[in-house]
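K.L.:
Mind looking over this structure? Questions follow.
The values are calculated or read from the model by the stated rules, or taken from the named source; none is laboratory data. Please read all numbers here as calculations on a predicted model, not as lab measurements. Glycine also receives a Cβ, built like all others from the backbone with ideal geometry; neighbour counts cover every protein chain displayed.
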DNA sequence: TCAGCCAATTTGATTGATCAAATGGCCGAT
DNA sequence: ATCGGCCATTTGATCAATCAAATTGGCTGA
């Protein structure tokens, strides 16, 4: 009979029980944790020591009652779609959780199948004061979420720029806090890198038109090639539109290799992995650069454009905390972060690759 | 000046304000939500209507104060490792979050780089009464987490069986609530399926020895082959050990094809994707079955063994709630769930495949 | 007729922390 | 000697709900 449940054996320490032990009042204990500068060094030490001894931790609920802060940020967890591409959001979420902890906050998940369902979640979570703010992802046209949260005065910040209904990325009428990664800058960087390696016939393996993110990544490649002197018809013949996926990528790359391509800029690592395998099957001549720098890409030695997710998370949280601290609705200037190309074996100069 | 922040414009409805409006007392409002059977139908309706009108939602914090329940379950979010394999835990987490919501609970994330760090998180989260219970994953040898939580009387439940230090899966001295998927049953099912298709030279593409999960999956294949009459030396020659990954998978499959294999049971979808591409490169003759039924596998038409994650989540939550409701430390019999083979193009009978 | 009982509803107390205001001690200035 | 002012600390009130005990009123049966 040694494994008895010690539930409630010792009543959980409270601000009062700690105060009693330390020989001070409740408020002094509270101050030791919240406003240490108000206490005399000796008193502070005494109280902190007692806190240490008893293992006292403030009750989240009681604290929240008085301060009207839950210390929790909500994040919508989507159903898994694509195993590889999903890694980006996984990484984002991990960074978010870790960074939130560093700032004494926590991340709580919710799910929603539609915008309406998500608004219902907003409503529940905020009315119950379960969370203080939201971090939104997966922006889309006519996104009703910003409006709802703004109207209700709930702090939030978005990873992804607001796309207005005509597909341009004009500012939304409600200007809210958002951060995004400059996809065009990423593919442009990749394309320049391949140009420097001596490649001239640089193809793009991208998604079908209509995806904002995808179109933007294509643009970075196209503009860079244009600047390097590749004419429009030639660019057209080096472009391709594929649903995301490894197989799509290798099929497209095979065709483009036949058309004379010697290097590939891809809209995702999935496509790039496929393209890389096609290149290797064809003798290994040809360079490939992916997008997102997923662990899989790293493992395969695939060059890839890395999104600065830690920065994005830092900015998003910073913005949300500023709003919580009463900053006006106007967020610190939203901006595009520049991604960074990570060069690996798939795009290193090999013998005979020079122009 | 239309976009003013309406913060606090109307004071948030409380149990008292709703009571006033409905012409009843606070407690009656509380009962309407928590013990509706105690109220007269007419009173109940009146109160519920008022709640609806005002959009009242109970304050999570105040509720938690009195009930000593946070309504939150904690889950450790790991850093992303493998883009494809990670999808399993992603799916698990999504299912967990969705199912928790259905039961009026929420999932909160925490991170930890080591067991010690995780124990510290346990301590903080439980002392602050931020969470009610934990769902643990990634079990390993000499896992100290069960012990800590048991000693502290914190409800928890584990996805993954307890591995004792000698590598067997003997019961831990502290018997706790766990659920796991019978990997051997999965690979056995896959192997039988391939036998039925007429294959006789069925290879296994698995991980190096030492991973419990991996060894178990190998066992299911080996035992089924043995039962079908394949002798040990032959089995040995059809076995392979690979670090997880697409490339590893295709390399191994190429070698095994040369050794006469006509079908492949794989320890993961990553390996299977690689094996499948090797098979296709070699003319498309040969069947492949993966493990985990990731979205990528589905997209590629790869047969795969699907883990019943929804069931696992349901069981884990059920167990945790039972513990919260004061059930003794003894959990409902822990068990192994049987995975289900999903047959797709990669292992369908094609002309000429029959023995 | 009225005690007794039951069901429906109300009142009082409590949860654990923090805010706001009050207290006590000590200093220098009047 | 006395008083305003300052500092460190304490006391009282409050956040929004629920538990536990008290109340109300209707109905039954001796």
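K.L.:
All but one of (1) farther than 26 Å from residue A:130 by Cα; (2) away from every other protein chain (no Cβ under 12 Å) hold for residue B:151, so report the exception by its number.
P.N.:
Among (1) farther than 26 Å from residue A:130 by Cα; (2) away from every other protein chain (no Cβ under 12 Å), the lone unmet condition for residue B:151 is (2).
K.L.:
Looking only at the range B:135-145, count every residue that is more than 14 Å from chain A (Cβ to nearest Cβ) and either within 16 Å of DNA strand C (Cβ to nearest atom) or not in a loop (DSSP other than H, G, I, E, B) (or both) and tell me the total.
P.N.:
Looking only at that region, the number is 2.
K.L.:
Then there's this: Would you check which residues across the range B:15-53 are over 20 Å from residue B:104 (Cβ atoms) and more than 12 Å from DNA strand C (Cβ to nearest atom) and list them?
P.N.:
B:17, B:21, B:49, B:50, B:53
K.L.:
Being touching a helix residue (DSSP H, G or I) at 6+ places or on another chain (Cβ under 9 Å) and farther than 19 Å from residue B:211 by Cβ is the filter here; which residues of the range B:256-268 pass it?
P.N.:
B:256, B:257, B:259, B:260, B:261, B:262, B:263, listed by residue number.
K.L.:
Which condition does residue B:56 not pass, out of (1) more than 9 Å from DNA strand D (Cβ to nearest atom); (2) modelled with pLDDT of 95 or more; (3) assigned to a loop (DSSP other than H, G, I, E, B), if it passes all the others?
P.N.:
Among (1) more than 9 Å from DNA strand D (Cβ to nearest atom); (2) modelled with pLDDT of 95 or more; (3) assigned to a loop (DSSP other than H, G, I, E, B), residue B:56 violates only (1).
K.L.:
Run down A:80, A:144, A:88, A:107 and say which single residue is at pLDDT below 95, under 18 Å from residue B:101 (Cα atoms) and in contact with a helix residue (DSSP H, G or I) (Cβ under 8 Å, 6 or more places away or on another chain).
P.N.:
A:80
K.L.:
Still on this model: For the range A:216-254, what are the residues that are under 27 Å from residue B:298 (Cα atoms) and part of a helix (DSSP H, G or I)?
P.N.:
A:217, A:246, A:247, A:248, A:249, A:250, A:251, A:252, A:253, A:254
K.L.:
I've got another one for you. Kindly indicate the residue of the range A:281-293 that is surrounded by fewer than 24 Cβ atoms within 10 Å (Cβ to Cβ) and touching a helix residue (DSSP H, G or I) at 6+ places or on another chain (Cβ under 9 Å) and also nearest to residue A:341 (Cα to Cα) among those meeting that condition.
P.N.:
Only one residue tops the list, namely A:285.
K.L.:
Test each condition in (1) under 20 Å from residue B:66 (Cα atoms); (2) at the interface with chain B (Cβ under 7 Å from one of its Cβ atoms) for residue A:111 and report the one that comes out false.
P.N.:
Only one criterion in (1) under 20 Å from residue B:66 (Cα atoms); (2) at the interface with chain B (Cβ under 7 Å from one of its Cβ atoms) is unmet by residue A:111, namely (1).
K.L.:
Separate question: Give the number of residues within the range A:281-324 that are part of a strand (DSSP E or B), under 19 Å from the mean Cα position of the chain (by Cα) and either more than 12 Å from chain B (Cβ to nearest Cβ) or on the phi > 0 side of the Ramachandran plot (or both).
P.N.:
Residues in the range A:281-324 being part of a strand (DSSP E or B), under 19 Å from the mean Cα position of the chain (by Cα) and either more than 12 Å from chain B (Cβ to nearest Cβ) or on the phi > 0 side of the Ramachandran plot (or both): 3 in total.
One line per residue, one yes/no per condition, for (1) in a loop (DSSP other than H, G, I, E, B); (2) over 30 Å from residue A:324 (Cβ atoms):
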position: B:11; (1), (2): yes, no
position: B:24; (1), (2): yes, yes
position: B:51; (1), (2): no, no
position: B:61; (1), (2): no, no
position: B:65; (1), (2): no, no
